Ligand SMILES: NC(=O)c1ccc[n+]([C@@H]2O[C@H](COP(=O)([O-])OP(=O)(O)OC[C@H]3O[C@@H](n4cnc5c(N)ncnc54)[C@H](O)[C@@H]3O)[C@@H](O)[C@H]2O)c1
């Protein structure tokens with residue numbers, strides 16, 4: 001799919017980090033971009049910078065996502081591109097014993113469900129509603145109607161201690177990529193997923209510099225954190241390259257995460 005001014009795109013989590021970088025790259029290539037995010041101030045700033053539209057959306061809510069698509073489509077027309085970057089994480093052991101007093105606790109189920117609802121169910125909600133909209137579009141060259149990119153994580157494959165919820169949510173995104181691509185194949189909608197390693201986003205930029213340096217040095221090559229623009233580059237390739245479908249790709253400088 002050629003990214004140009006006739007193409008409307010929606011980027012969830014577009015107010016920050018990987019999503020913001022992708023919104024900027026898509027806009028630089030000419031696409032009309034709508035940002036779905038909870039963070040109004042940051043989302044509006046990115047949207048105004050790129051001449052796009054901000055929609056205050058919580059991906060865990062049907063009504064909120066419906067309203068977001070209505071606003072985005074009102075401004076730009078039906079999107080042909082959806083990039084899912086909205087996501088959160090937490091860390092807790094499945095069950096553990098306190099070093100201080102020997103007391104035993106287990107992973108809080110509400111906290112587990114919170115991560116799964118945003119990262120997995122929220123991603124699927126946006127995919128399903130976007131794909132339904134794409135079905136109303138005429139096919140482009142090669143019978144193509146749309147392209148969807150999702151964000152899992154290397155934690156889908158090598159999750160660390162404490163990452164049961166995060167890895168379950170991202171493993172779900174990885175696992176549903178092929179069946180969704182198959183569901184949508186007769187309608188000309190392609191679906192791919194990126195598994196980022198360690199990226200320079202607000203999440204990691206909040207860590208002390210020596211910790212970030214140590215994390216960067218743990219990457220085989222290049223020995224640094226990934227740049228959000230490098231994520232955006234792969235997302236854009238997945239959209240532009242018409243033969244890219246049903247695939248999940250690690251973008252990680254060859255890192256394989258250790259247990260901790
Ligand atoms: N940064 C990394 O190293 C890294 C590595 C692997 C995977 N990822 C994944 O990449 C994606 C983007 O991460 P990032 O590092 O850019 O983080 P980020 O925190 O900078 O951006 C995530 C955005 O998602 C938004 N969001 C969170 N919950 C939402 C909800 N319910 N509805 C709508 N928006 C919501 C946040 O407001 C935020 O703007 C996430 O899915 C994350 O799990 C990041």
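Need a quick list: strands (runs of 3 or more DSSP E) entirely within the stretch 76-192 having at least 2 residues that are more than 16 Å from the ligand (Cβ to nearest atom), buried (at least 17 other Cβ atoms within 10 Å of the Cβ) and in contact (Cβ under 8 Å) with a residue 40 or more places away in the chain. Full working, then the answer.
Numbers: elements: 81-84, 95-97, 104-106, 146-151.
Result: 146-151.
Can you confirm whether residue 203 is at pLDDT below 95, surrounded by 15 or more Cβ atoms within 10 Å (Cβ to Cβ) and closer than 25 Å to residue 112 by Cα?
Working: at pLDDT below 95: yes; surrounded by 15 or more Cβ atoms within 10 Å (Cβ to Cβ): yes; closer than 25 Å to residue 112 by Cα: yes.
Spelling it out, residue 203 is indeed at pLDDT below 95, surrounded by 15 or more Cβ atoms within 10 Å (Cβ to Cβ) and closer than 25 Å to residue 112 by Cα.
Picking from residues in the stretch 46-62 that are in a helix (DSSP H, G or I) and within 13 Å of the ligand (Cβ to nearest atom), the one that is farthest from residue 202 (Cα to Cα) is 62. Yes or no: the stretch 211-226 includes at least one residue that is over 28 Å from residue 162 (Cα atoms) and either under 20 Å from the mean Cα position of the chain (by Cα) or in a helix (DSSP H, G or I) (or both). No - not one qualifying residue is present in the stretch 211-226.
Would you mind stating whether residue 43 is within 21 Å of the chain's Cα centre (by Cα), within 16 Å of the ligand (Cβ to nearest atom), at negative phi and part of a helix (DSSP H, G or I)? Step through it out loud before you land on a result.
Details: within 21 Å of the chain's Cα centre (by Cα): yes; within 16 Å of the ligand (Cβ to nearest atom): yes; at negative phi: yes; part of a helix (DSSP H, G or I): yes.
So residue 43 fits the description; yes.
Check the stretch 24-39 and report whether any residue there is part of a loop (DSSP other than H, G, I, E, B), surrounded by fewer than 23 Cβ atoms within 10 Å (Cβ to Cβ), within 9 Å of the ligand (Cβ to nearest atom) and over 16 Å from the mean Cα position of the chain (by Cα). No - not one qualifying residue is present in the stretch 24-39.
The values are calculated or read from the model by the stated rules, or taken from the named source; none is laboratory data. Keep in mind that what you see is a predicted model, and the values were worked out from it rather than measured. Because the Cβ atoms are built from the backbone with ideal geometry, glycine has one as well, and the counts that use them run over all protein chains shown.
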